[in-house]
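All of the numbers you see were taken from the coordinates with simple rules; none came from a lab. Quick caveat: nothing in here was measured; it's all calculated off a predicted structure. Please note: Cβ atoms are built from the backbone with ideal geometry, for glycine as well, and neighbour counts cover all protein chains shown.
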Amino acid sequence: MPHTCPQKLVVIGGTVETARRASVSAWNGFVDSFFLTAHFSQEDYPYDWLMHWLSKQPAWGRSREFEITTRTVSRNGLTQSTTGDLEEEEEVDDDDDSLVHGRRKRKISFMPSLDTTHTIYYRGHWLRITRTKRYPDYGHGSSLKISVVARNNDILKKLVLEAKREYEKDAEHRVHIFMADTTYGCWRWNGARQKRPMSSIVLQPGVKDMLLADCKDFLCSEEWYAERGIPFRRGYLLHGVPGSGKTSLIHSLAGELGLDIYVVSLSSKGMSDNTLTTLMGHVPSRCILLLEDLDAAFTRSVSRDSSSTGAPTVPTSSTTPTPETNDGSTLSLSGLLNSLDGVAAAEGRLLFATTNHIERLDPALSRPGRMDVWVNFTHATKWQAEGIFKCFFPHKPQGGVPAPSATASSDEKVDASQKNLPLPKRKAPGHAIPVLDEAEISELAKRFADAIPENELSVAALQGYLLKNKVRPRECVEEVDEWVIQERETREKLKKEKAEVSPRYATYA
């Protein structure tokens, strides 16, 4: 009798544990049979699509457990605001881009916490969503898990496609920039920039149209290349003086073609043949691959002026390695060539390379097949100066309403690149730009161009001067002669200082 109670407890405990295990097994079997689970990693695009879609769902903003943060800009460059965001009452009607003492107003955002399961109703199904950190110790690497009760994955396919469409619709006005990470041999998202209209790029007549037409023709000729056994690659070499608009043109082309930009700095620390080959192999098929300052790929600290020979501008020693020369970079010319058009090289991408000194490039690097189209960028011409002036200052069309672009009037054909640009959302600036009629703007632009010496000043210098006078079109033209004299004096002064410094380095060497 004394042992009856413990025996009963053992039997009851065993029965309960058996029932628990049976129920857990049955539940797992039910989950495996009816629950579908999809995993999304932050390193891939679908994660961005889903996070952007979730930020618009009311249930996502009404989470019972959340984080309070002001960091609402996501990896895709789009502001992810939820229905739970907090704004001060007096700021509700203010513009989103309004400034307070030079800084933008910060919104307080309520984001669902990590490692918490949230439930959202979507098309007749309840979705269980969990956001976690894949690498908690490093503070990055989030992942998303979505589970749903369904017999097939059609509902998840519809969800991903809908999220993709909404994301692309909201991101169509941006160009995404990716930078090469030589430490891990991968691409890191570096930001999203607003598209730049082609009309804002002022080059010699026909250059923009030629490049744009060539890029479009290449992107739709994949079958033509395959039928003839030609690698589906196209290279463009932009060479010329610094500050002439090479990078700006690439940015504008990326926006016009709807492509992302992948940037590689060949002179960066740790760049090697294997690293570059790995990076090139992971480039998407439809993108712009940018190699900046190609002439500095195998040198360190070279100057960018026309008199430089490509040698380092600081004294070096052949016996004592310095941190600058011993940075782990072992990139060779053969490795660069193999990464561009070797067996493992990516296809379908537009390769753009920029250089200030084309004479330093090895002929094997600039030959057709690797660099198919060459474009020379010079200092600003009078024709460019007139076009840049018109870009900066709008004019009134015949109807009396300010034109949306200074380069197109109501009677002219509007640039097609303007169609992909977002409408301005900012309020009118406090400093109003005087809007002159078309005849006066044309006259001022002509006078401005006549005052600019041919092929002497860079496009960047002209833009800098116009930026300082962005609300003074008439004064800008009246003072341009004095500015040109100052620019010449400054350049002469810099040349003399450099000439005095160069013999000292030669003595130390």
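So, R0 is 25 Å and r is the distance between the beta-carbons of LYS56 and SER143; what FRET efficiency does that work out to, to 0.05? All intermediate terms of the calculation are to be shown ahead of the outcome.
Working: r = 20 Å, r/R0 = 0.82.
So the FRET efficiency works out to roughly 0.75.
Starting from the Cα of GLU347, move 7 Å in the Cα-to-Cβ direction to define the label point; list residues of region 210-231 whose amide nitrogen is under 19 Å from there.
215-231
Short version: what are the Cα gyration tensor semi-axes of region 156-292, square root of 5 times each eigenvalue, largest first, in whole Å?
Numbers: eigenvalues 110, 99, 72 Å².
Semi-axes, largest first: 23, 22, 19 Å.
For SER41 paired with GLU223, estimate the spin-label separation in nm (one decimal), with each label point 7 Å from Cα along the Cα-to-Cβ line.
About 3.4 nm, to one decimal.
Can you work out the PRE-style zone for ARG151? Point 7 Å along Cα to Cβ, and I want the residues of region 6-45 with backbone N under 12 Å.
34
Quote to one decimal, in nm, the extra length available between ASN376 and ARG165 on full extension: 0.36 nm per residue of separation minus the C-alpha distance between them.
Working it through step by step, the gained length comes to 72.0 nm.
By how many nm would the segment from THR490 to ASP362 lengthen if fully extended, with 0.36 nm per residue of separation less the alpha-carbon distance?
Contour length minus the Cα-Cα distance gives 42.7 nm.
Pairs to check: LYS195/LYS216; LYS246/LYS493; LYS396/LYS446; LYS390/LYS470. Give those whose C-alpha atoms are more than 21 Å from each other in this structure.
LYS246/LYS493
Kindly provide the Kirkwood hydrodynamic radius of region 141-219 in Å, to one decimal, from all pairs of distinct alpha carbon atoms. Numbers along the way, then the final one.
Details: mean 1/r = 0.0582 Å⁻¹.
About 17.2 Å, per the Kirkwood formula over Cα pairs.
Rounded if a/c is under 1.5, else prolate if a/b is larger than b/c, else oblate: which is region 213-259, with a ≥ b ≥ c the root eigenvalues of its Cα gyration tensor?
Judged from the Cα gyration tensor, region 213-259 comes out oblate (a/c at least 1.5, b/c at or above a/b).
What FRET efficiency would be calculated for the residue pair ASP481, ARG193, taking the C-beta separation as r and a Förster radius of 41 Å, to the nearest 0.05?
Values: r = 35 Å, r/R0 = 0.86.
That pair, ASP481 with ARG193, gives E of 0.70.
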